[in-house]
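Shown next, in structure tokens, is the structure this report addresses.
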Amino acid sequence: MRNIICTILARGGSKGVKNKNIKLMNGLPLIAHSIIQAQKTNLFSSIIVSSDSDDILNIARDFKVDHLIKRPHELADDNAPKIPAIQHAVLETEKKINTKFDYIIDLDPTSPLRNVEDIINAFNMLLNENATNIITACPSRKSPYFNMVKINNENVATLPIQLDQNIFRRQDSPKVYDMNASIYIWSSESLFRSKNLWQERTKLYVMPEERSIDIDTELDFEIVDLLLRKKIIVGDKNVP
């Protein structure tokens, strides 16, 4: 039997949207949407929330997560990378309950438009494709081969990546994707092997744009709130 942990990491500080992880979205604190999605998958031995904020941890307790992990300040400031914080949360939980987890699935609370099937299908991809880890993304609207630009040292605009042949339509350029910060999956061995997201067999689970908005601004928050309300109107079973 696979021992799978779900980590949900939520810092108290937020510059783009104040207190966004506990701000109400469609009647629930933002973090609650990810907690409920995790519970609906029936995948997890443990669902844990890691935070430097007592307010966030108290809300997570109200929504019946299995374990609360207080994140140290050095893993919660604006410059702290995410993978060490996930590693800390997993290790602290393993010590707490005297167990070892086989797989880690991290759900970012700022990307609540994922659905339950996305979580399950991304995990199956890890198993079926012999991946070291899984990241999620959606097809990009812009392409570095066609309609994105960079400025060089002479202040001249050029394509970030130039091909040998000219591209006249975006559809003819190599496919690129926008990471949506929604779901990250590792085996335990691959998570603790490196603090780098990119490993030898990192695989991509592709999600549609309408399930891929990562909340970073007030406008993002309003758009996601509207989309969640629309899902309720059409009877989407994945909406809490």
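Ranked from largest to smallest solvent-accessible area, with a 1.4 Å probe on the protein heavy atoms, 1, 125 come out as 1, 125.
Here the calculated FRET efficiency for residue 222 and residue 128, from their Cβ-Cβ distance with R0 = 25 Å, stands at 0.10, rounded to the nearest 0.05. Rounded to the nearest 20 debye, the dipole size of the range 85-197 about its Cα centre is 220 debye, using +1 on the Cβ of Lys and Arg and -1 on the Cβ of Asp and Glu. Using every pair of separate Cα atoms, the Kirkwood estimate puts the hydrodynamic radius of the range 1-134 at 15.1 angstrom.
Note on the chain: with a GNM built from Cα contacts shorter than 10 Å, the maximum mean-square fluctuation among 194, 51, 182 falls on 194.
I need the shape label for the range 135-228. Rule: rounded when a/c is under 1.5, else prolate if a/b > b/c, else oblate, with a, b, c from the alpha carbon gyration tensor. Oblate. Think of a 1.4 Å ball rolled over the protein heavy atoms: the chain then has 53 Å² of accessible area per residue. The slack in the chain from residue 169 to residue 98, taken as 0.36 nm per residue of separation less the alpha-carbon distance, amounts to 20.0 nm.
Once you mark the GluC sites (Glu not before Pro) that are in a DSSP loop and have at most 16 other Cβ atoms within 10 Å, what is the longest gap between them in the chain? It would help to have the intermediate numbers written out before the result.
Numbers: sites that count: 129, 154, 200.
Value returned for the longest uninterrupted segment is 1-128.
Karplus-based coupling profile of the range 26-32, in residue order and whole Hz: 6, x, 10, x, 3, 4, 5, with θ = phi - 60° in 6.51 cos²θ - 1.76 cosθ + 1.60 and x standing for Gly or Pro. Relative contact order for the chain: 24 percent, from Cα pairs under 8 Å spaced at least 6 residues apart, divided by residue count.
In terms of the Cα gyration tensor, with a ≥ b ≥ c the square roots of its eigenvalues, is the chain rounded because a/c is under 1.5, prolate because a/b exceeds b/c, or oblate?
Working: a/c = 1.64, a/b = 1.43, b/c = 1.15.
Here the chain falls in the prolate category.
Just tell me the longest site-free run in the chain, where the sites are chymotrypsin sites (Phe, Trp or Tyr not before Pro) in a DSSP loop having at most 12 other beta-carbon atoms within 10 Å. Write down the numbers at each step before the final one.
Values: sites that count: 168, 198.
Value returned for the longest uninterrupted segment is 1-167.
Using a 1.4 Å probe on the protein heavy atoms, what percent of the accessible area of the chain belongs to carbon and sulfur? Please report the intermediate quantities before stating the final value.
Details: 6220 of 12620 Å².
Answer for the chain is 49 percent, counting heavy atoms of protein chains only.
Proximity of backbone amide H atoms, modeled 1.01 Å from N, is registered between residue 50 and 8, 9, 10, 69 at under 5 Å, excluding neighbours fewer than 5 places apart on the same chain.
Along the range 124-132 the Karplus relation, 6.51 cos²θ - 1.76 cosθ + 1.60 evaluated at θ = phi - 60°, assigns HN-Hα couplings of 4, 4, 4, 6, 7, 10, 6, 7, 6 Hz to successive residues, with x for each Gly and Pro. Rounded to whole numbers, the Karplus 3J(HN,Hα) couplings from phi for the range 68-73 are 10, 10, 7, 7, x, 4 Hz, using 6.51 cos²θ - 1.76 cosθ + 1.60 with θ = phi - 60°, and x at Gly and Pro. Per-residue surface analysis assigns residue 17 an accessible area of about 0 Å², computed on protein heavy atoms at 1.4 Å probe radius.
Helix-only arithmetic for the chain: the sum of -39500 (n - 2.57) across DSSP H runs with n ≥ 4, divided by the residue total, places the mean residue ellipticity at 222 nm at -9500 deg cm²/dmol.
Each part gets one Cα centre, and for the range 94-172 versus the range 5-44 those centres are 21 Å apart.
Looking at the square roots a ≥ b ≥ c of the eigenvalues of the Cα gyration tensor of the range 82-152, which shape do they give, rounded for a/c under 1.5, prolate if a/b is larger than b/c, or oblate?
Prolate, since a/c reaches 1.5 and a/b exceeds b/c.
The values are calculated or read from the model by the stated rules, or taken from the named source; none is laboratory data. On a predicted model such as this, the values are computed, not experimentally measured, just so you know. All Cβ positions, glycine included, derive from the backbone under ideal geometry; neighbour counts span all protein chains shown. For the accessible areas, the whole protein counts, side chains as well, though only heavy atoms, and no ligand, DNA or RNA atoms are used. Shrake-Rupley method; radii C 1.70, N 1.55, O 1.52, S 1.80 Å.
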